[in-house]
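J.: Provided herewith is a single structure, encoded as structure tokens, for subsequent inquiry.
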Amino acid sequence: MAIDPGTNIGPYKVLNSLGAGGMGEVYLARDTRLGRKIALKFLSAAFTRDEQRVRRFQQEARAASALNHPNLITIFEIGEVESIHFISTEFIEGETLRQRILSHRMSITDICDIAIQIGSALSAAHSAGITHRDIKPENIMVRPDGVIKVLDFGLAKLAEKPESPEASAFDPTGLTKKVVETDPGVVMGTVSYMSPEQARGTPVDARTDIFSFGVVMYEMIAGRVPFDGASFGDVISSILGKRPMPLARFAPDVPAELERIVSKALAKNRDERYQSTKDMLIDLKRLKHRLDVEDEIKDSSPHEGARDAIGTRLRSNDSAPVIGDTIEISSEPRVRTTSSAEYLVSEIKRHKKATFFVLSAAVIAVVATTLFSGRHRIDSVAILPFVNQTGDPKMEPVTEEMTEGIIDHLYQLPGLRVISYGSVIGFKDRQLDAGAIGRELGVSAVMIGRISRRDEVITVNAELIDARDRTRIWGDQETLKFSDLMMAHHRIARGVSDKLGLKLSDEERKHLDAEELYETGRNFWNQRTTEGLTKGIENFEKAVALRPDYALAHAGLADCYNMLGTYGAKSPTEAFPKAKSEARRALEINDSLAEAHVSLAYALFRNDWDWGESEREFRRALQLNSKSAQAHQWYANLLVALGRNDEAVAQTKLAAELDSTSLIIRSHFGFVYFFTHQYDESIAACQKALELDPGFFAARRYLGQAFGQTGKYDQSLSEFQKAVAASGGSPLMRAEMANTLALAGKKDEAEKVLADLKNLSSGRYFSAYHIALIYAGLGDKGEALNWLEKAFEQRGDYLVFLKVDPRFDALHSDARFASLLSRIGL
């Protein structure tokens with residue numbers, strides 16, 4: 001709706017257009033009654049057709065207009081003329097924060113000043129019970145005198161669609177889908193500032209504004225948003241599961257305290273964010289005061305050394321736990337007394353990148369022994385960024401996780417001051433002099449590490465250097481395969497307690513032993529081989545024998561039985577009931593354990609064919625732990641079986657972002673893309689996984705499948721041969737290879753494998769589904785359907801994918817096939 005200059009809208013005379021946005025058009029106008037310039041916003045008809053929504057908007061906008069705060073735009077009137085809804089507000093000369101960010105790099109002092117004003121505005125609104133819901137740079141004005149004005153309170157309420165009772169808690173388009181369709185260009189910017197709860201379409205509160213405020217602060221500092229992507233789905237996926245890059249990577253001078261404030265505001269779980277803008281504002285003002293004082297000292301102090309010393313003292317007087325660019329761990333006793341060994345092990349377990357437990361814990365175990373004894377008594381340390389000597393840029397995340405993991409774990413040692421990751425990232429790719437770095441950071445020891453690789457073997461070297469005299473205190477080297485990075489974690493955890501000389505009670509020792517057995521069991525489970533799964537069960541059973549109420553170990557048993565059923569080592573009618581039994585036992589002990597809900601959901605999907613209940617269990621798991629990579633991965637299995645391909649890919653991406661080092665999750669892209677007929681993408685994903693570990697049979701398997709469907713039979717057979725060898729001669733792998741042999745015209749070889757497998761199935765369980773697969777490759781539709789019927793009688797695991805398995809495409813027109821799909825529930 002264009003309005004010509006000179007048009008009168010009630011008492012307002014339109015002067016000229018100021019622009020348009022997703023909610024409507026804005027004009028500069030004059031209030032003819034008071035002779036002042038005002039901004040006149042006309043709301044798009046798309047947002048004003050629903051009277052109930054308009055009333056909700058008007059109520060909120062009127063509430064906002066009642067606020068009297070210097071950083072909130074003043075609303076003069078909310079009106080309607082000839083069914084055209086408008087808002088008149090004060091006219092603010094200046095630029096949007098977006099223009100300010102794009103025009104030049106702001107100083108830390110300016111950023112803090114702007115943030116404090118935004119925080120003051122939000123605090124005032126939140127105190128009045130008003131949530132903005134759309135905080136972004138476009139809705140923040142910067143006047144020439146530096147005063148900040150927050151705009152458009154109430155408009156996001158108008159854009160919000162009422163949530164249906166059936167809305168999924170994990171529908172990433174829940175809140176914004178309709179708006180995206182209306183104006184993708186505008187909303188794409190808004191999407192980047194959404195909170196996880198907005199992205200999921202769940203109810204929001206003031207903490208949503210705090211998250212969006214954190215995004216704005218991140219962008220002011222880094223010059224880019226923390227969550228981005230090439231598409232709407234990619235951005236949502238990033239918001240829900242991706243950790244932002246450290247701010248220090250883009251702004252080396254960012255104070256660690258500012259990085260902490262932003263990180264806390266961006267916590268994906270809103271219970272872990274600031275619970276009020278007022279609390280966040282207190283931290284921002286304290287930081288601003290400290291920076292102002294330090295600037296005064298720099299201006300007045302004639303000696304560089306004296307200035308550094310005074311600055312250090314000022315930082316050390318800040319509120320705990322922040323001390324300048326370091327974090328000091330208090331040695332005060334905790335309310336709940338726990339042995340140091342138990343505490344360390346539990347903290348190591350909770351770290352989101354479990355793959356790095358071994359390496360970071362190895363460093364901690366030895367460092368803990370040397371830090372507090374002998375002539376090298378150490379009270380402060382800096383862990384410098386590990387150097388990637390592999391020549392492979394894909395290993396950069398490994399070096400980053402290594403560095404951060406060690407820093408996170410060393411924080412747990414009482415009495416040790418550890419320099420934050422944000423403060424050491426600036427030393428990446430620099431020539432390292434331990435003495436100079438020690439003086440610069442004010443620490444007594446510096447750790448330098450390197451990661452190299454030769455074929456499948458990764459070597460990690462680390463050494464601890466006394467910064468005072470440059471002597472080597474300690475050094476260690478770990479050599480292992482990528483897929484075995486988690487191996488020996490239990491030995492390292494035991495090493496922590498033993499080297500620290502801790503005296504453990506019998507109960508503490510039993511607890512620690514059970515933890516060790518659990519981690520060992522998970523490592524074997526991850527291998528997915530029959531031998532590995534059997535050893536996993538042995539370790540989980542030992543853990544349960546030590547601690548019958550150990551819910552995680554029961555969930556581990558459930559997952560091993562799930563995989564034995566999936567990979568054909570046991571009959572589905574034997575394996576999956578055991579999986580459900582163990583999962584339900586875990587839930588009896590702890591019904592809030594996400595791992596147990598995932599285990600149960602998987603069994604309900606693969607064996608019971610109960611799609612609805614399985615999905616409810618997956619969603620319950622994700623509600624309890626949205627960072628569970630396994631939950632996202634296995635939920636993707638269900639989604640791809642049901643033909644919900646885009647959702648399946650999105651869930652797999654989330655899983656990979658949450659655990660970027662998991663080989664089975666990396667390979668899972670190959671699995672999902674195969675069943676969605678995206679063979680090139682499947683091939684590329686598997687090849688990337690194999691770059692990390694060429695011996696990982698699951699990736700070879702999915703690669704063989706994809707090559708087979710594209711007619712690259714020689715390459716397919718080569719991959720299957722490697723998968724058979726790596727899996728210990730798995731009959732399942734042989735059957736899938738026989739499908740390719742048949743397609744390649746090597747029918748004699750295919751029939752020989754078929755005869756072997758049919759003979760095998762007469763004495764033990766073997767999946768009739770995979771016998772049918774060979775017949776499908778041979779072009780014998782009748783026998784393929786006969787064996788699929790037998791698979792139905794067996795409750796064959798892979799029947800859940802029958803509708804989407806491209807190897808059975810030729811059977812889709814057969815009435816028997818349609819009947820089978822109907823009986824399965826597909």
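J.: Once the principal axes of the Cα atoms of the range 741-812 are found, what is the range along each, listed largest first in whole angstroms?
T.: Dimensions of the range 741-812 along the principal axes of its Cα atoms: 31, 30, 17 Å.
J.: Right, next: Kindly put Cys686, Cys112 in sequence by how many other C-beta atoms sit within 10 Å of each C-beta, fewest to most. Don't skip to the answer; put the middle values down first.
T.: Details: Cys686 30, Cys112 24.
In order of increasing Cβ crowding within 10 Å: Cys112, Cys686.
J.: Within a 10 angstrom radius of the beta carbon, how do Leu743, Leu533 rank from fewest other beta carbons to most? Don't skip to the answer; put the middle values down first.
T.: Numbers: Leu743 21, Leu533 26.
Ranked by crowding around the Cβ, least crowded first: Leu743, Leu533.
J.: Considering the range 195-289, what Rg and Dmax in Å follow from its alpha-carbon atoms?
T.: 13.2, 41
J.: Alpha carbons only, please: Rg and Dmax for the range 717-772, in angstrom.
T.: 10.7, 30
J.: For the range 506-626, what mean projected area does the convex hull of the alpha carbons give, in nm²?
T.: Working: hull surface 27.8 nm².
For the range 506-626, the mean projected area of the Cα convex hull comes to 7.0 nm².
J.: Along each principal axis of its Cα atoms, how long is the range 660-705 end to end? Whole angstroms, biggest number first, please.
T.: Principal-axis extents of the Cα atoms in the range 660-705, largest first: 25, 20, 13 Å.
J.: Here is a further query. So which of Lys570/Lys752; Lys264/Lys288; Lys510/Lys580; Lys535/Lys722 end up more than 21 Å apart, counting from Cα to Cα? Numbers along the way, then the final one.
T.: Details: Lys570/Lys752 24 Å; Lys264/Lys288 17 Å; Lys510/Lys580 27 Å; Lys535/Lys722 23 Å.
The pairs that break the limit, which is 21 Å between Cα atoms, are Lys570/Lys752; Lys510/Lys580; Lys535/Lys722.
J.: Going by how many other Cβ atoms sit within 10 Å of their own, how do Trp611, Trp634 line up, fewest first? Write out the running numbers ahead of the final one.
T.: Working: Trp611 16, Trp634 25.
Ascending number of Cβ neighbours within 10 Å: Trp611, Trp634.
J.: Restricting things to Cα coordinates, could you compute the convex hull volume per residue of the range 635-715 in Å³? Walk me through the intermediate numbers first.
T.: Numbers: hull volume 6.1 nm³, N = 81.
So the per-residue hull volume is 76 Å³.
J.: Here is a follow-up. Quick one, can you get me the convex hull of the C-alpha atoms of the range 688-738 expressed as volume per residue in Å³? Mind dumping the intermediate values first?
T.: Details: hull volume 3.1 nm³, N = 51.
Each residue corresponds to 60 Å³ of Cα convex hull volume.
J.: Given charges of +1 on the Cβ of Lys and Arg and -1 on the Cβ of Asp and Glu, with all other atoms neutral, how large is the dipole of the range 667-826 about its Cα centre, in debye to the nearest 20? Mind showing how you got there, number by number?
T.: Details: 18 positive and 19 negative charges, 57 e Å.
Computed about the Cα centre, the dipole is about 280 debye.
Read-outs throughout are calculated quantities, based only on the coordinates presented, and are distinct from any laboratory measurement. Keep in mind that what you see is a predicted model, and the values were worked out from it rather than measured. All Cβ positions, even for glycine, are placed from backbone atoms using ideal geometry, and neighbour counts span all protein chains on display.
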